[in-house]
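Only one structure is covered here, and it is reproduced in the block below.
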Amino acid sequence: MAHPATAQARAQEIVEDFALFDDWMGRYEYLIDLGRDLPLIDPQHKTEAYRIHGCQAQVWLHADTDDGLVHYTADSDALITKGLIALLLRVLSGLPADEIRHADLAFLDEIGLREHLSATRKNGLASMVSTMKAHAKAHAAL
């Protein structure tokens with residue numbers, strides 16, 4: 001399935017997906033499934049150099065640029081965290097660096113995610129977003 005061309009359209013798809021669930025148990029299960037479906041990161045990128053700091057769980061993120069688009073791969077050792085990074089990759093990966101840097105991620109609030117995460121997971125999510133945007137900024141300068 002091809003992803004829509006913009007971060008906003010991709011985020012809207014996620015909002016619609018989450019609206020299909022009546023409760024947060026179903027949404028958490030969906031989030032975990034997204035994490036399970038996350039493409040494998042190259043093992044050489046599961047090192048301290050690629051680790052996102054500020055997350056309670058271990059999260060690794062690699063960014064690469066191809067034809068002006070930033071592509072991310074990621075992994076985590078925790079199921080929900082892996083689902084969170086999968087959501088972010090679904091919205092941001094494969095876009096131009098400037099679009100990533102300026103992407104409005106209000107969908108995280110629209111789906112109620114931030115209000116249902118623990119404080120440590122919220123901090124981790126914020127670290128993931130800021131790291132992805134920092135990578136985009138660095139790749140825009142290339």
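Brief remarks on what is shown
- What the Cβ-Cβ distance of I80 and A140 gives, at R0 = 35 Å and to the nearest 0.05, is a FRET efficiency of 0.70.
- Here is what passes the span test in the chain: the DSSP H helices with alpha carbon length of 15 Å or more along the helix axis and a Kyte-Doolittle mean of 0.0 or above are 79-92.
- Given the choices [x] 1.28; [y] 0.93; [z] 0.98, Cα Rg over 2.2 N^0.38 Å derived from the coordinates of this structure is entry [z].
- Here's the picture: charge each Lys and Arg Cβ at +1 and each Asp and Glu Cβ at -1 in the stretch 1-117, and of T47, I80, L20 the one pushed furthest to the positive end of that dipole is T47.
- Given +1 at the Cβ of Lys and Arg, -1 at the Cβ of Asp and Glu and no other charges, the dipole of the stretch 64-119 around its Cα centre is 200 debye to the nearest 20.
- Carbon/sulfur fraction of accessible area - the chain, other protein chains in place, 1.4 Å, %: 52
The values are calculated or read from the model by the stated rules, or taken from the named source; none is laboratory data. Keep in mind the model is a prediction, meaning the values are calculated, not measured. Glycine gets a Cβ as well: all are built from the backbone with ideal geometry, and neighbour counts include every protein chain shown. The accessibility values were calculated without ligands, DNA or RNA, using every heavy atom of the protein model including side chains. Shrake-Rupley method; radii C 1.70, N 1.55, O 1.52, S 1.80 Å.
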